[in-house]
Structure formats: C-alpha cells, structure tokens
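First the structure, in the form of structure tokens, and then the observations on it.
The numbers here are math on the coordinates, done by the rules we state, and not lab data. Just so you know, these numbers come straight off a predicted model, no measurement behind them. In this analysis, Cβ positions are derived from the backbone assuming ideal geometry, glycine residues included, and neighbour counts consider all displayed protein chains.
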Amino acid sequence: MNGLQSWPEPIVRVQSLAERGGKFIPPRYVKPLCDRPSKLNFEGSDGDNNNIPIIDMQNLNSKNPTLREETLALISRACREWGFFQVINHGVSTEIMARTREAWRAFFRLPVEMKQQYSNSPTTYEGYGSRLGVEKGAKLDWSDYFFLHLLPTSLRDQNKWPHFATSCRETIGQYGDEVTKLCEILMKIFSVNLGLKEDALEEAFGGEEVGACLRVNYYPKCPQPDLALGLSPHSDPGGMTILLPDHDVPGLQVRRGDGWITVKPAPNAFIVNIGDQIQVISNANYKSVEHRVIVNSEKERVSLAFFYNPKGDIVIKPSDELVGEDRPPLYPNMTFNEYRVYIRTRGPCGKSQVESLKLPICPS
Ligand code: OGA
Ligand code: NI
C-alpha cells in the first residue's frame, strides 16, 4: 500500500467557491508571503528576454538549408537556456485546437453535480480533480482540472472521459493523436540536436509504448489574486509538455533567474517545455524549468497540458553518448513510475525533485 488511496480532506471545487462570489478566499488558498505572486518580474525589460522564444516550424521544411539549420539551432538554444519555447505552424490543425478547447470549456460549464460523477482519487488521478498531492493541511492552488490517459492505448479508457456531447470523446482522441505526431517530430529534433541518432529519445522512452496524458486546467476568477496561485511552482515530471494556453487570458509564468516571465502566447501557438525525464536523459544539457500559474479577478482561464512521457517501467538514465570523463552522469537510474510517486504524494514543489536526485560529483 502506498498511502495514495484517498484524499486527506473533503474535496472542495474551486469553481464552486468562485461562483459563490465572496470577496475573500478561504485560508487554505492563501499562500505564505514568500510564495505569493509579486508584481516583480521581467515585464517591461526589452529585447529577447521578456518572452520565451517563438519557433516557426514551417522553416524546418524550407528548401533553404541555412534557414533549416538556423531553426534547429534556435530550438537547441531554447532547450538549453530556457527549457521553454512556443511553436507556430506546428502542423496541428487550428480547427481541432479550437474544437477541443471549446469541448473542455463546455465541460467546465456543466453543473457541478454532473462533473462530480467523474471525481478522481489519488490512486490514478484520472478524472475531475481539485488538488495535487495528498499532504493533509497543505495550502491549495486556485484551480480544478481533468486528467486522462491517451497512451499507451491499453490505458486509454474512454469510459472515464467526459461524454456530455456525442462528439466529445472523439474530439479528445483526435486532439491526442495530432499532438502525439507533433511530439514525435520534436523528439527527433531534440535527438539530432543533442548529437544522438534520430530515434534515440523515442527509444529511450520505450518506443511503441510511450505514455501520453492530458490535464485540462481550469482557473476560475479569483477575488484575491495577489494572495493565491493557480498552480504552484513546479517542473513537469514527464518527458515534454505541449501546452495549449488560453488564447486571451495570460497566466503562465516561467522562471528566469530570480524572477518570473509571463508568457505571451502567439496566435494558435503551442507552448513546448522540457520535462524532468528529458533533462535526465540529456544529462542536464536540456533544462526542465520551473513554472507556475497566476490568477486574476476578471476572467477564468482554461489550458490543456499534454504530457508526453516515457513508458512507466523503463529505466531512465543519462544517455551514454552524453556521459564522459569531463561530464559524469548527473542522475541515478530510475523508472518514470518510481519518479512520479513523489509528485503524486507531495504535489507541485518547485524543482526540488529532480535536483534532490543529483548524484554527488567526486572531484577525482
Ligand atoms: C501544467 C502547467 C500551465 C498552464 O499543467 O503542468 O504547468 O498554463 N500548466 O496551465
Ligand atoms: Ni507544468
């Protein structure tokens, strides 16, 4: 028994709290002073530093080899220096993006009693949830979510997906298939950029048996946005994340030095970020960067986070080609199943997880 059978306290839907319309948020959602979103970030500073890089993926198919090389180099830099970038002209149809987003907005508009039939538990997290982590008395984030598995197909259980409209399961499945294709392309690009053979990362992830899941985040309006967070600082535990942000409500902030940068999404873009498992395989050449979500009192926000993950029971370790005398392996061998127990128990907690695993480096 791993202690993850049930939530430690009755679940309160943040959406219900928000809809009550009170002026104050319950103490459970008030973050300690040092964790509150401050207005102090890099906004206003000019140049490349006030937004994550934007990559036009169409340039990878250009007849001009220089343009192709430059685009690969931009992606490489983004993975090393930011851990985050936006992609445009990424090949996923804007129609399916819009349709999927609308399906999820419709889900969260359903009466709470209807959503409750999908309530999740911390054993699998599948379904409708309102907290991450099972620590009793923990401060909570100002968000609800829906979590489901897309891959491997043996875990794709459509009976657990919303079915309030006939086409909704089909839409979610199609969206998953298209975003998976984008991930397969990015995995090849990352492999080549790391100096590995094209299929290296996909193979390290378990080939045919990679995992993929979707977490749809719902951030209701918050009457005291300066005291709360929509999602606490964390790095994504999996391989990589493809986020469809809300097109008109900002909220995602990415760690840059001591501050946070608020991402300004480009039209029809996805936000791509490196997760802890690719940081490990790349032996820390690529960074899984801390991020968080702030809330506001004006507008709710919906985002779709697609997590592309290694097969659960395959051993993840720094790639042999990226380990040498001058660069010892920085992480121990561990499966993704072993790794994610940690976040499922403790909830989002900065970058502490992957950092705590770092092997001591001996000077000789
Ligand atoms: C996540 C995440 C960001 C967002 O779900 O892991 O970081 O903008 N989401 O909702
Ligand atoms: Ni995240």
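Work out, step by step, the length gained on full extension between Lys23 and Lys358: first 0.36 nm times the residue separation, then minus their alpha carbon distance; give nm to one decimal.
Working: separation 335, 0.36 × 335 = 120.60 nm, distance 4.42 nm.
Gain on stretching Lys23 to Lys358: 116.2 nm.
Stretching Arg109 away from Cys34 to a fully extended chain increases their span by 23.6 nm, per 0.36 nm per residue minus the current alpha-carbon distance.
When Ser38, Ser62 are arranged by Cβ crowding within 10 Å, least crowded first, meaning fewest neighbours, the order is Ser38, Ser62. Of all DSSP-defined beta bridges confined to the stretch 14-355, some 90% are antiparallel rather than parallel. Indicate the gyration tensor shape class of the chain (rounded, prolate or oblate), computed on the Cα atoms with a ≥ b ≥ c the square roots of the eigenvalues: a/c under 1.5 is rounded; otherwise a/b larger than b/c is prolate and the rest oblate. Rounded. Near Pro223, within a Cβ-to-Cβ distance under 14 Å, what is the net charge of the other residues, with Lys and Arg +1 and Asp and Glu -1? Every neighbour counted, the sum reads 0. Applying 0.36 nm per residue to the separation of Leu155 and Ser167 and subtracting their alpha-carbon distance, the gain on full extension is 2.3 nm.
Cross-link partners of Lys317 among lysines, defined as those whose alpha carbon lies under 28 angstrom from its own and excluding same-chain residues fewer than eight positions apart: Lys181, Lys188, Lys197, Lys287, Lys351, Lys358. What spacing in nm lies between the two simple spin-label points modelled at Arg346 and Leu74, each 7 Å away from Cα in the Cβ direction? Once both label points are built, they end up 3.7 nm from each other. The stretch 111-170 to the stretch 191-240: how many Å between their Cα centroids? About 17 Å separates the Cα centre of the stretch 111-170 from the one of the stretch 191-240.
Could you compute the FRET efficiency for Glu135 and Leu67, with r as their C-beta to C-beta distance and R0 at 35 Å, rounded to 0.05? Efficiency computed from Cβ-Cβ geometry: 0.10.
Sorting Trp82, Trp104 by the number of Cβ atoms found within 10 Å of their own Cβ, with the fewest placed first, yields Trp82, Trp104. Per residue, the chain reaches -7500 deg cm²/dmol at 222 nm when only DSSP H runs of four or more residues are counted, each adding -39500 (n - 2.57).
Using R0 = 22 Å, the C-beta based FRET efficiency linking Glu298 and Asn89 works out to 0.10.
Residue order for Asp199, Asp276, fewest other beta carbons within 10 angstrom first, comes to Asp199, Asp276.
Given contacts defined as C-alpha pairs under 8 Å and at least six residues apart, what's the relative contact order of the chain, whole-number percent? Mind showing how you got there, number by number?
Numbers: 699 pairs, mean separation 78.9, N = 364.
Reported as a whole number, the value is 22 percent.
In whole angstrom, note down how far apart the Cα centers of the stretch 248-306 and the stretch 49-81 are. A separation of 18 Å, based on Cα centres.
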